[in-house]
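*Asks:* Supplied in structure tokens, the structure appears directly below.
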Amino acid sequence: MIIVDGLTVEFSGKVLFSDISFVINENDKIALMGKNGAGKSTMMKIIAGKTKPTRGSINYPKDAVIAYLPQHLLTEDHCTVAEEAAKAFEQVFALRDEMAKLNHEMETRTDYESKEYMKLIERVSELGEIYYALEEVNYDAEVEKTLLGLGFKRSDLTRMTNEFSGGWRMRIELAKILLKKPDLILLDEPTNHIDIESVIWLEDFLINKAKAVMVISHDKAFIDNITTRTIEVTMGKIYDYRANYSHYLTLREDRRTHQLKAYKEQQKLIADSERFIERFRGTYSKTNQVSSVERMLEKLEIIEVDEIDNSALKLRFPASIRSGDYPLLVNSLSKKYDDHVVFSDANLAIKRGEKVSFVGRNGEGKSTLIKAIMGEIEYEGQCTLGHNVTVGYFAQNEAALLDPQLTVYQTVEEGANDEVRKQLKTILGCFMFSGEDIDKKVSVLSGGERTRLAMVKLLLEPVNFLILDEPTNHLDLKSKEVLKEALLNFDGTLILVSHDRDFLMGLSEKVFEFKDKRVIEHFETIDEFLIRNRMESLKEIEMQRNK
């Protein structure tokens, strides 16, 4: 049991949250929710011991293990993937090495009657009690199983970690956390950099093998599947629900309805009281009553209605010219780097107005094919854009292409038509740019902020063929809803690469799966594909478990 007691955090006189207390029980699976800036990541860092609160404390048993995966991770190391993951067992290995060293010392020393030798025996006995009480584990096998589950190939385990992208290095860190078998796992946006199959594996692990879990995530399907409790941080306090995310939304709406009713009743009481005071102030016979009403108002605790964004922004892509019947034709397209074949003999025919998804494990060639379509790389075969095609392309590095000297507002104003320009501030607000944020220069924005700004910019362009490569990594739930609604109403052609299942659901009628160096066409909706593959993936997980 971990006790969060009276947490208060203040920055420059501003209270982020105040006097927050709750208990994390042994097998709790908690979603930590709240709008951006509410203090979720700060609270998680405090629980992890990475930062200190202004007041309050975190209390837990002395031998409790708390593991934390931050949203942004930068590591520098020079070892293999397997060696880095095995650092999860550093304390065990250090204990083993010290035992071996002390045993060797006992064998070589002859001063059996000395105090030093007696102390040596006591130390060996003390360490032995701890070491031999540990569960017998095949550490190499555990490392391999966990890394393979998170999407690494067996050949990757002996590669140096500095050969991998930030997303893959994040998985190595996640593997280290999972291998520690901690009492509490704290995860801040863990699904941003892992593919659908790895997300399914992670879900299964957290549900069936992990102890307590607390997660911050904008992946609705992920948090719905793994959590049974939701703690919402809002307006400096928390609300604690024994419910998953979807059920919590209903309960939160009920709570706000009651708050609103109580707030209106209280406001009427205040207005009536103030009218009474104004009318009878100075009237001798009413002096005591007026004083009594004034004291009541002074002591009255004003009811606050929780902030909630009820804006129903209907954002549509600007009208564009009509494209030809087939915006994209790909024939016998192959791509390899030296001896490494990414995929071969890929064939695609995408009709005007079709919405298709590219899915598959990371490294199977989804982004590579998109780069071929965009003419960014050389390839073998044919790839042809159709007549009158105007492409809107959101690349994974789209944020780096923004002009750093422009402000947020100038960046989106450039491509906006007169009708859209009237609601630019509202649109930016839905993507978490409000107030002074819109006057910030792109050069001072974080990576996540730049990604969101690039998405807003794309939404304002008149195009008839959209290609989106992992567009949701830095979007919160509200922003994703706005984007998804716009894509559902988009009457052009769409290619979508994403690992976010909830975002994908309902967005495409055809799936191209990248697997085993092939591009396989599935004539089924993304919903049907994901349901079928979740069942198959879970069967594979079960087979691995029973080996």
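*Asks:* From (1) modelled with pLDDT under 80; (2) closer than 30 Å to residue 15 by Cβ, pick out the condition that doesn't hold for residue 138.
*Replies:* It is condition (2) that residue 138 fails.
*Asks:* Conditions: (1) in a helix (DSSP H, G or I); (2) out of contact with any Pro (no Cβ under 7 Å at 6 or more places or on another chain). Residue 46 meets all but one. Number of the miss?
*Replies:* (2)
*Asks:* Can you report the number of residues in the stretch 507-526 which are surrounded by fewer than 18 Cβ atoms within 10 Å (Cβ to Cβ) and within 21 Å of the chain's Cα centre (by Cα)?
*Replies:* 0
*Asks:* Does residue 497 fit the bill of being open to solvent by less than 10 Å² (accessible area, probe 1.4 Å) and among the β-branched types (Val, Ile, Thr)?
*Replies:* yes
Yes/no per residue for (1) farther than 30 Å from residue 336 by Cα; (2) without any contact (Cβ under 8 Å) to a residue 40 or more places away in the chain; (3) crowded, with 18+ Cβ neighbours inside 10 Å; (4) of a type in the set (Gly, Ala, Ser):
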position	(1), (2), (3), (4)
386	no, no, yes, yes
392	no, no, yes, yes
399	no, no, yes, yes
416	yes, no, yes, yes
443	yes, yes, no, yes
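*Asks:* Here is a list of conditions, (1) open to solvent by less than 40 Å² (accessible area, probe 1.4 Å); (2) of a type outside the set (A, V, I, L, M); (3) within 22 Å of residue 469 (Cβ to Cβ), and residue 259 meets all of them except one; can you say which number that is?
*Replies:* (3)
*Asks:* Let me ask something additional. Can you tell me how many residues within the stretch 317-344 are of a type in the set (A, V, I, L, M, F, W, C) and open to solvent by less than 20 Å² (accessible area, probe 1.4 Å)?
*Replies:* Number satisfying all stated conditions: 5.
*Asks:* Collect the residues in the stretch 179-199 that are open to solvent by less than 10 Å² (accessible area, probe 1.4 Å) and either of a type in the set (Val, Ile, Thr) or under 26 Å from residue 359 (Cα atoms) (or both), keeping them in residue-number order.
*Replies:* Answer for the stretch 179-199, where residues must be open to solvent by less than 10 Å² (accessible area, probe 1.4 Å) and either of a type in the set (Val, Ile, Thr) or under 26 Å from residue 359 (Cα atoms) (or both): 185, 187, 188, 190, 191, 194, 195, 198, 199.
*Asks:* Can I ask one more? Only one residue in 456, 482 is assigned to a helix (DSSP H, G or I), over 26 Å from residue 349 (Cβ atoms) and in contact with a Phe, Trp or Tyr (Cβ under 7 Å, 6 or more places away or on another chain). Which one?
*Replies:* Just a single option satisfies the conditions, and that option is 456.
*Asks:* If we scan the stretch 148-160, do we find a residue that is surrounded by fewer than 21 Cβ atoms within 10 Å (Cβ to Cβ), of a type in the set (S, T, N, Q) and either out of contact with any helix residue (DSSP H, G or I) (no Cβ under 6 Å at 6 or more places or on another chain) or closer than 21 Å to residue 473 by Cα (or both)?
*Replies:* Looking through the stretch 148-160, at least one residue is surrounded by fewer than 21 Cβ atoms within 10 Å (Cβ to Cβ), of a type in the set (S, T, N, Q) and either out of contact with any helix residue (DSSP H, G or I) (no Cβ under 6 Å at 6 or more places or on another chain) or closer than 21 Å to residue 473 by Cα (or both).
*Asks:* Something else: Working only within the stretch 67-110, note down all residues that are open to solvent by less than 100 Å² (accessible area, probe 1.4 Å), of a type in the set (Asp, Glu) and modelled with pLDDT under 80.
*Replies:* If the condition is that a residue be open to solvent by less than 100 Å² (accessible area, probe 1.4 Å), of a type in the set (Asp, Glu) and modelled with pLDDT under 80, then 77, 97, 98, 105 are the ones that fit.
The values are calculated or read from the model by the stated rules, or taken from the named source; none is laboratory data. What you see is a predicted model, and the numbers here were worked out from it, not measured in a lab. Glycine gets a Cβ as well: all are built from the backbone with ideal geometry, and neighbour counts include every protein chain shown. Keep in mind that these areas ignore ligands, DNA and RNA; they rest on the heavy atoms of the full protein, side chains included. Shrake-Rupley method; radii C 1.70, N 1.55, O 1.52, S 1.80 Å.
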